[in-house]
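Here the structure comes first, spelled out in structure tokens, and everything after it is commentary.
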Amino acid sequence: MDDLTSEMKKYLITATFQWNEEMMDQLQEHRDLINQLIDEQVIEHYVVSMEIQTVWITLNANNKREAKKLLSPSPFYKYWKIVVNELMVWDGQNYRLPAVQLN
């Protein structure tokens, strides 16, 4: 999928939720999907704050509709209020070459 992700657009998914016991029972199924999408290089980052009950996901997709569709199999999807934004610039340590150390 490396060749495909270079042509796709990047999106930031912001999902807010209210944690409940039903979600706890579905946590493993949700994590299995997220892990699969990470392994397939669809999801680049997956971050959760329980303090403010928000999830941030950066992922590769052709358009906003596809970005939502990729997450829709999750049992958490029905609990999430989702906003999808296309990203233009993304940068960080993971996108840089390692620093050269001269001996």
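Observations
- Per-residue HN-Hα couplings for the stretch 89-99 [Karplus 6.51, -1.76, 1.60; θ = phi - 60°; Hz; x = Gly/Pro]: 10, 9, 8, x, 4, 5, 9, 10, 6, x, 5
- Estimated at 0.36 nm per residue, the fully extended path between GLU51 and LYS9 surpasses their Cα-Cα distance by 12.1 nm.
- Once volume of the Cα convex hull per residue in Å³ is calculated for the structure shown, the corresponding label among [x] 143; [y] 192; [z] 101 turns out to be [x].
- For the chain, with +1 on Lys and Arg beta carbons and -1 on Asp and Glu, the positive-most of TYR46, ASN62, TYR77 along the dipole: ASN62
- Counted without the sites themselves, the longest stretch of the chain free of GluC sites (Glu not before Pro) in a DSSP loop having at most 14 other beta carbon atoms within 10 Å is 52-103.
- Helix-only arithmetic for the chain: the sum of -39500 (n - 2.57) across DSSP H runs with n ≥ 4, divided by the residue total, places the mean residue ellipticity at 222 nm at -8500 deg cm²/dmol.
- Residue range of the chain that is longest and free of chymotrypsin sites (Phe, Trp or Tyr not before Pro) which are both DSSP loop and sparsely packed (at most 15 other C-beta within 10 Å): 20-89
- Degrees between helix 27-39 axis and first principal axis of the chain (Cα, 0 to 90, nearest 10): 20
- Rounded to the nearest 20, the size of the Cβ-charge dipole of the stretch 2-95 about its Cα centre is 480 debye, with Lys and Arg at +1 and Asp and Glu at -1.
Laboratory data are not the source of any read-out in this text; all were calculated from the coordinates shown. For clarity, every value in this text was computed on a predicted model and none was experimentally measured. So basically every Cβ, Gly included, is an ideal-geometry build from the backbone, and we count neighbours across all protein chains shown.
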